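Notes for the one structure printed next.
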Amino acid sequence: MTSITQLIDRWNLDEGKPYKGSLIDMAAHDAGKGIGCMCAQGQVLHLVGGWTPERLQSAAQADADKETAKLLNISRAHAVLLRLVSDKTGGAPAIVLTDPGAVLGDQWSKLLDF
């Protein structure tokens, strides 16, 4: 299993840059494209939670949000924010975990505790 720190380091170095738009691009996975075929949540679920690519492909987004929150020990709102920021063009998912105030402003704690 991969640690959260290792995952964040990968994202910051552009290694394993997360896919955008869904938990996994199965065609890219089947073609051996590596971890970059999974979005940030998909990478967390697969590398930390042990989810199979098939499970990622069939999972409901609400279930992925819930399990990502559990694995990262963050609120579900924080997990959704991770997904939303990661899916944006140029989105940097690491900042959502390391400095959420940079994304949400000085009231970030109140928002993520919701």
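The table for this structure:
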| read-out | value |
| --- | --- |
| Contour minus Cα-Cα distance for residue 3 and residue 75 (0.36 nm per residue) | 24.1 nm |
| Student exercise, the chain dipole from Lys, Arg, Asp, Glu Cβ charges, in Debye to nearest 20 | 120 |
| Normalised contact order of the chain, rounded percent, pairs of Cα under 8 Å and 6 or more residues apart | 23 |
| Mean Cβ count within 10 Å, highest first, over the residues of peptides 76-85, 53-62, 92-101 | 76-85, 92-101, 53-62 |
| For the range 58-66, 3J(HN,Hα) per residue [Karplus equation, 6.51 cos²θ - 1.76 cosθ + 1.60, θ = phi - 60°, Hz, x = Gly/Pro] | 9, 6, 6, 4, 4, 5, 5, 4, 5 |
| Projected label distance in nm at residue 113 and residue 52, using a 7 Å step from Cα toward the beta-carbon | 4.2 |
| Listed values [x] 22, 15, 12; [y] 28, 17, 14; [z] 25, 19, 15, entry calculated as semi-axes √(5λ) of the Cα gyration tensor in Å | [x] |
| 3J(HN,Hα) from dihedral phi, the range 77-87, Karplus parametrisation 6.51/-1.76/1.60, rounded to Hz, x for glycine, proline | 4, 5, 5, 5, 4, 4, 5, 5, 5, 4, 7 |
| Positive-end residue of 27, 68, 7, charge dipole of the range 4-113 with Cβ unit charges | 68 |
| For residue 24, distant residues with modelled amide H under 5 Å away | 39 |
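None of the figures in this text is laboratory data; all of them are computed from the coordinates on show. Values in this document were obtained by computation on a predicted structure and should not be read as measured data. Ideal geometry is used to build each Cβ from the backbone, glycine not excepted, and the neighbour counts take in all protein chains shown.
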